[in-house]
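Report on one structure; see the data block that follows.
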Amino acid sequence: MQLTVFNGSPRGRKSNSKIILDQFLSGFEATPGNSFELHYLNRLKETEHFVQAYAEAETVLIAHPLYTDSMPAIVKAFIEELESLSGKEGNPPLGLIIQSGFVAAIHSRYVERYWEKFSRRLGSRYLGTIIKGGCEPLHRSEKQFQKVLDGFYELGKDFGETGQFNEKMVKKLAEPEKISTLMRLIVQLVWKVSGNGYWDDWLKENEAYEKSFAQPYVDTK
Ligand SMILES: Cc1cc2nc3c(=O)[nH]c(=O)nc-3n(C[C@H](O)[C@H](O)[C@H](O)COP(=O)(O)O)c2cc1C
């Protein structure tokens, strides 16, 4: 099987998406004869090449982080470039990997529905969406995530053998679907006590903290 892979994280090679893809793809390659080519959607100048790669692919896998319950702008922009393929004969089957900061898989279910619809519109067979939450700390400590990474390896291996996403494995990896009421209360408490430090630090580092409550579209008249 030949797989054409798109990494949709703005962080590119430093992304959690890459760490996850590395695992999935090494499982995929465990089957002799399987191979893949990998594209980074944050290389904006290569868009034309990406569209061509998509059009010529045997099977496509797109991996992206969840951004505001949806997808990063670079992924959306790529989708818009694919319009020329809409309804074309022989578009490749499409599978997704979506990972997020929040732990519960439910956050990614809406964009999962979007991708299913997108595949239908493009006339591509939809292979399914692999979802995993709680992934933001991944790039800082892969060791803590060994079980999750093993899960991606096994899923990739199974996919390499069958050409399908194994439903049982996908469901297991996505757990928890929702967080319990007790856990929600604990998270709210921790949030209240410790504040928004982690994300505030990112904002400060990017000189965006002062603007974080800006309302550029509010009518001030
Ligand atoms: C602008 C932005 C928006 C985000 N929105 C969400 C969100 O709506 N829900 C969520 O669970 N995580 C959200 N996250 C967290 C990312 O999904 C998470 O950090 C992910 O692991 C990043 O993956 P990457 O390193 O492959 O880009 C957001 C992160 C950023 C930077």
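Brief remarks on what is shown
- So residue 122, is it within 13 Å of the ligand (Cβ to nearest atom), crowded, with 18+ Cβ neighbours inside 10 Å, of a type outside the set (Gly, Ala, Ser) and over 18 Å from residue 169 (Cβ atoms): no
- For region 150-163, a tally of residues being surrounded by fewer than 20 Cβ atoms within 10 Å (Cβ to Cβ) and either among the small types (Gly, Ala, Ser) or within 16 Å of the ligand (Cβ to nearest atom) (or both) returns 1.
- If you go through region 43-68 and pick out every residue that is within 16 Å of the ligand (Cβ to nearest atom), among the β-branched types (Val, Ile, Thr) and closer than 20 Å to residue 3 by Cβ, you end up with 1.
- Region 122-132: number of residues that are part of a loop (DSSP other than H, G, I, E, B) and of a type in the set (Gly, Ala, Ser): 2
- Hey, residue 132 within 10 Å of the ligand (Cβ to nearest atom), in contact (Cβ under 8 Å) with a residue 12 or more places away in the chain and among the basic types (Lys, Arg) or not: yes
- Elements of type helices (runs of 4 or more DSSP H) contained in region 133-221, each with 1 or more residues being under 18 Å from residue 19 (Cα atoms): 146-162, 167-174
- When each of 98, 79 is tested for being of a type in the set (A, V, I, L, M), out of contact with any Gly (no Cβ under 6 Å at 6 or more places or on another chain) and within 16 Å of the ligand (Cβ to nearest atom), the lone residue that passes is 98.
Bear in mind these aren't lab numbers, they're just calculated from the coordinates by the rules spelled out. Bear in mind the structure is a predicted one, so any value in this text is a computation, not a measurement. Ideal geometry is used to build each Cβ from the backbone, glycine not excepted, and the neighbour counts take in all protein chains shown.
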